[in-house]
Amino acid sequence: MTILAFTRAVSSRIAQCELTHLAREPIDVERARAQHAAYEHLLSDLGCSVQRVAGAEEQADAVFIEDTAVVLPTIAVMTRPGAQSRRAEVDAVAAALAAYRPLAFITAPGTLDGGDVLRAGRTLFVGRSTRTNDAGIAQLRAFAAPQGFTVSQIDVGGALHLKSAVTEVNANTLLVNSAWVDVRQFREWQIIDVDPEEPAAANVLRIGNALVHGVAYPRTRARLEAAGCRVHAVDVSELAKAEGAVTCCSVLVEL
Ligand code: CIR
């Protein structure tokens, strides 16, 4: 199977990004770009074909491409991001994805960020957050149900997106910050909890049997490795100042 990984460049305006939980601090754009390039190289080394979607310079948060699309095996659902400032990001990503999937669109009054959608088997867990509302979830359900997916709503507190709090490690296992999300909702999955000293460590990007994880979380990485996971650590510290993590920086399309 070929995996396309769509990415977007780091805008020189990234320091003007949306922020919800973090205080604004200076972001070194060149350092952010170098970290992002290393992330793209790692995805490439892991077998992905990396394609940058152009035209993101004016859009401060465009590097966090995950929020613009939910790609399923037979359709791509283009989101309507919860932050007004991010809505213009969708058009260029839609144009790129149209070559690979029929497109569906979340429309007003619905809002949905891709960071709130966790695909685990045939379930889509969808976070109800400051970015994703009931109408957005209902629209996603209407698009996904005919494709054989069950949409399960999860309330998110303390984190920006659902995938800040829980991501997929393998077909049977989730990595969770149980302080931010109620693990009883994931009855069918084994749970690995983040180390309590690393609350932001629940975001891993799964590519086949490999996991991409922030280098800032060695204690949680040790838990993953103890469970037999192959973990590739990347430094995304500058992107983290913009509340981004590893899943946010790509949209994966299986061919
Ligand atoms: C935002 O607040 O929208 C961006 N500064 C960060 C988005 C991170 N995206 C993600 O976790 N999927």
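Output the number of residues of region 36-87 satisfying the condition of being assigned to a loop (DSSP other than H, G, I, E, B) and not aliphatic (A, V, I, L, M).
From region 36-87, those assigned to a loop (DSSP other than H, G, I, E, B) are 46-47, 54-64, 72-75, 79-83; that's our starting set.
Now narrow it down to the ones that are not aliphatic (A, V, I, L, M): 47, 55, 57-59, 61, 64, 73-74, 79-82.
Of the residues in region 36-87, 13 are assigned to a loop (DSSP other than H, G, I, E, B) and not aliphatic (A, V, I, L, M).
Residue by residue through region 179-209, note down the ones that are of a type in the set (Val, Ile, Thr) and touching a Ser or Thr at 6+ places or on another chain (Cβ under 8 Å). Before the answer, list the steps.
Going residue by residue through region 179-209, those that are of a type in the set (Val, Ile, Thr) are 181, 183, 191-192, 194, 204, 207.
Across region 179-209, the qualifying residues are Ile191, Ile192, Val194, Val204.
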- Pairing a residue in region 192-215 that is within 16 Å of Asp45 (Cβ to Cβ) and in contact (Cβ under 8 Å) with a residue 40 or more places away in the chain with any residue that is among the hydroxyl-bearing types (Ser, Thr, Tyr) and in a strand (DSSP E or B), where Cβ atoms lie under 8 Å and the two sit 6 or more apart in sequence or on different chains, gives Leu205/Thr167
- Task: Those residues that are away from the ligand (no atom under 16 Å from the Cβ), assigned to a strand (DSSP E or B) and either touching a residue at least 60 places away in the same chain (Cβ under 8 Å) or touching an Asp or Glu at 6+ places or on another chain (Cβ under 8 Å) (or both), I need them from region 91-134; list them, please.
- Result: Ala120
- Item | Residue identified as aliphatic (A, V, I, L, M), in contact (Cβ under 8 Å) with a residue 40 or more places away in the chain and more than 22 Å from Asp45 (Cα to Cα) among Val236, Val156 | Val156
- Query: Which residue pairs have Cβ atoms closer than 9 Å, lie 6 or more positions apart in sequence or on different chains, and pair a first residue in region 2-28 that is over 17 Å from Thr130 (Cβ atoms) and in contact (Cβ under 8 Å) with a residue 60 or more places away in the chain with a second residue that is within 12 Å of the ligand (Cβ to nearest atom) and assigned to a strand (DSSP E or B)?
  - Reply: Leu4/Val251; Ala5/Val251; Phe6/Ala69; Phe6/Val251; Thr7/Val251
- Condition set in contact with a helix residue (DSSP H, G or I) (Cβ under 6 Å, 6 or more places away or on another chain) and of a type in the set (Val, Ile, Thr), scope region 180-199, selection nearest to Leu239 (Cα to Cα): answer is Val194
- Task: Would you check which residues across region 21-30 are surrounded by 14 or more Cβ atoms within 10 Å (Cβ to Cβ), under 21 Å from the mean Cα position of the chain (by Cα) and either modelled with pLDDT under 95 or not β-branched (Val, Ile, Thr) (or both) and list them?
- Result: none
- Residues in region 11-25: is at least one within 15 Å of the ligand (Cβ to nearest atom) and among the acidic types (Asp, Glu)? yes
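So that you can scan it fast, the table gives a plain yes or no per residue for (1) at pLDDT 95 or above; (2) in contact with a strand residue (DSSP E or B) (Cβ under 7 Å, 6 or more places away or on another chain); (3) over 24 Å from Arg8 (Cα atoms):
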site	(1), (2), (3)
Val90	yes, yes, no
Val93	yes, yes, no
Ala96	yes, yes, no
Tyr100	yes, yes, no
Thr111	yes, no, no
Gly115	yes, no, no
Leu124	yes, yes, yes
Ala135	yes, no, yes
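Looking at Arg184, Arg87, Arg80 in this structure, which one is of a type outside the set (Asp, Glu), under 23 Å from Thr20 (Cβ atoms) and over 16 Å from the mean Cα position of the chain (by Cα)? Before the answer, list the steps.
Details: Arg184 fails: under 23 Å from Thr20 (Cβ atoms); Arg80 fails: over 16 Å from the mean Cα position of the chain (by Cα).
Criteria check complete, one pass: Arg87.
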- Taking only region 147-161 into account, find how many residues are of a type in the set (S, T, N, Q) and farther than 18 Å from Asp134 by Cβ. 1
- Selection from region 77-90 of residues that are buried (at least 16 other Cβ atoms within 10 Å of the Cβ) and within 10 Å of the ligand (Cβ to nearest atom): Pro81, Gly82, Ala83, Arg86, Glu89
- Message: Tell me yes or no: at least one residue of region 162-179 is touching a helix residue (DSSP H, G or I) at 6+ places or on another chain (Cβ under 8 Å) and among the acidic types (Asp, Glu).
- Response: no
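Of all residues in region 19-35, how many are in contact with a Leu (Cβ under 7 Å, 6 or more places away or on another chain) and in a helix (DSSP H, G or I)? Spell out the reasoning first.
Step one: filter region 19-35 for residues in contact with a Leu (Cβ under 7 Å, 6 or more places away or on another chain), giving 20-21, 32, 35.
Now narrow it down to the ones that are in a helix (DSSP H, G or I): 32, 35.
Residues that pass the stated criteria total 2.
The values are calculated or read from the model by the stated rules, or taken from the named source; none is laboratory data. Just so we're clear, the structure is a prediction, and the values are computed from it rather than from any experiment. Don't worry about glycine lacking a Cβ; one is built from the backbone with ideal geometry, like all the others, and counts go over all protein chains shown.
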